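What follows is a single structure, written as structure tokens, with notes after it.
All of the numbers you see were taken from the coordinates with simple rules; none came from a lab. Quantities reported herein were computed from a predicted structural model and do not represent experimental measurements. So basically every Cβ, Gly included, is an ideal-geometry build from the backbone, and we count neighbours across all protein chains shown.
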Amino acid sequence: MGVQRAFYVFTLMMLAFIAASVATSVVLTAQKGGYRNAILVKISGIVSEIDEPAYDYVVNQGLKLAESEGVPLIVEVDSYGGYLATMFKFGEAFFNARVPVIGYVPNKAFSAACIILIPMHIIAVGPTATIGAAQPILYNPATGQVKFINESKIINPILAKIRLWAETRHRNVTAAEGFVLHNYVFTGKQAVKVGIANFVAYSLSDLIKKVNGMKVNITVNGVVIKTVTINISGYTYVSPAINIVFFAVLRNAVVQSILWFIGVFGTFAALLSGRYEVLPLTLVMLLLAIVGAGGMQVNYIAIALIVFGSVMLAIELFVTPGFGILGASGIAAIIFGLLLLPAMPGRSVFAASINEVRAIVGVVGGGLAAFFTFIMYKAARAIRSKPRIRYSPERAVGKAVDRIEPGKPGTVMVEGEYWTAISDETIEPGEEVEVIGRKGFTLIVRRLRRGSEEQSP
């Protein structure tokens, strides 16, 4: 009953999680309503590193939503930096954005986080904020060593991009290059004074007041396509989608180490010990480790996990009896796959279409509820049903390996496998034995009876 109750609770939690995710998305977009609020995203917390999860959040989720609504994007940055390749992707996205991109640094923006500010249309900084220190480094996670990079092959492309971005946005090119060449670090007021930031903002509300009325040039590949006057009354905060948060967790170095350890060593242990039923779980861990390491497209892995999990769950429910590790591995794979699937960006919802949205949510939510209820029903039936023993060595004949005495177990070999065995009689090594029962993983044996011995009283 404990397992059954736990499964019920687990399934209900999954349904509540899906419903809450859908409801949160609808409420967020329904409250937004018009086009006067800017979209706010935050490079902080779980997505504070300039890495793929942060890029998916800020650009693929936040910037695309802002462009679809025709409103400015406010990017609040509180980060120690990140990866060079992702920094370039951020820079190009902001440089070619079709809506004003406003950067706000209330606390800190170091290394790559500092560089991605330069191509933004407007930069606001807190009075006590610090930005800079952007010389590239090479970090070895195995040894913990940090090597500062000065090779021109790496530095010059960075400087070329910084010059292009700074000149287009009318920023101090020398100071911007100094972030990389000399590890310049400025406070908020100093950044404004040297021509990196546009103004000091004490809060987001203060930023909104100061940015209104400012004109910015929207450029694509450095060519001005239009001039926009900013006029916003507030902002709508868009939090990272569930798949992005999960991706960020997988990118964590500690989590990756654990997943690789379980996946690799667990697979070897399962193969060597013959416990093949554990392999699906270790393979799921390996797939998640590959996602975290950036070895494959996240979408492909997500689909593979869902298909893999569905097959395992179907085998557990319809082919093999009981509800064991295969079914648990299937459920885990499906959940992980769903968590990695890309979320649809939010959209504005007007009063005239709210009933349509409710209908869609009802149909989708009802379908999901029916699907998981069916799975729960099949699993409950499997749990309640008597599990059949998949391997029963009763009446099998083997040979004693150790001396077996009443009350003292020994080892026997039956059908090529070693088993722990007990007996009510003394059996010497090498004697043939017959299995008459089993208690868990321990066999109950006796000396092999020949035909005449079996019939004697």
Inset, instruction - Straight distance only, please: which aspartates and glutamates reach the Cα of LYS399 with their own Cα at less than 17 Å, same-chain residues fewer than 8 apart left out? - result: GLU415, GLU417, ASP424, GLU425, GLU428, GLU431, GLU432, GLU434
Inset, instruction - Pairs to check: LYS64/LYS153; LYS42/LYS193; LYS89/LYS147; LYS89/LYS210; LYS42/LYS153. Give those whose C-alpha atoms are more than 27 Å from each other in this structure. - result: LYS64/LYS153; LYS89/LYS210; LYS42/LYS153
Legend entry - Neighbour cut-off at most 12 other Cβ (10 Å), DSSP loop, GluC sites (Glu not before Pro), the range 148-186: GLU151
Legend entry - P(r), alpha carbons of the range 153-192 - 5 Å bins starting at zero, rounded %: 6, 24, 30, 25, 11, 3, 1
Legend entry - 3J(HN,Hα) from dihedral phi, the range 43-59, Karplus parametrisation 6.51/-1.76/1.60, rounded to Hz, x for glycine, proline: 8, 6, x, 5, 10, 7, 7, 6, 9, 4, x, 5, 5, 4, 5, 6, 8
Inset, instruction - Taking the Cβ of VAL298 as the centre, find all other residues whose Cβ is under 9 Å away and add up their charges (Lys, Arg: +1; Asp, Glu: -1). - result: -2
Inset, instruction - Run the quick spin-label model on VAL228 and ILE436: label points 7 Å from Cα toward the beta carbon, then report their separation in nm to one decimal. - result: 8.7 nm
Legend entry - Value of D in µm² per second that Stokes-Einstein yields for the range 183-333, Kirkwood Rh from Cα pairs, at 37 °C (0.692 mPa s): 161 µm²/s
Legend entry - D_trans [Stokes-Einstein, Kirkwood Rh over alpha-carbon pairs] for the range 117-203, 4 °C, 1.567 mPa s, µm² s⁻¹: 94 µm²/s
Inset, instruction - Calculate, axis by axis, the spread of Cα positions in the range 397-455 along the three principal axes, and write the results as whole Å, longest axis first. - result: 30, 24, 21
Legend entry - Compactness of the range 35-240 - radius of gyration and Dmax, Cα, Å: 16.0, 52
Legend entry - Spatial separation of Cα centroids for the range 262-294 and the range 133-196, in angstrom: 42 Å
Legend entry - Neighbour-count ranking [beta-carbon atoms within 10 angstrom, fewest first] of SER205, SER423, SER44: SER205, SER44, SER423
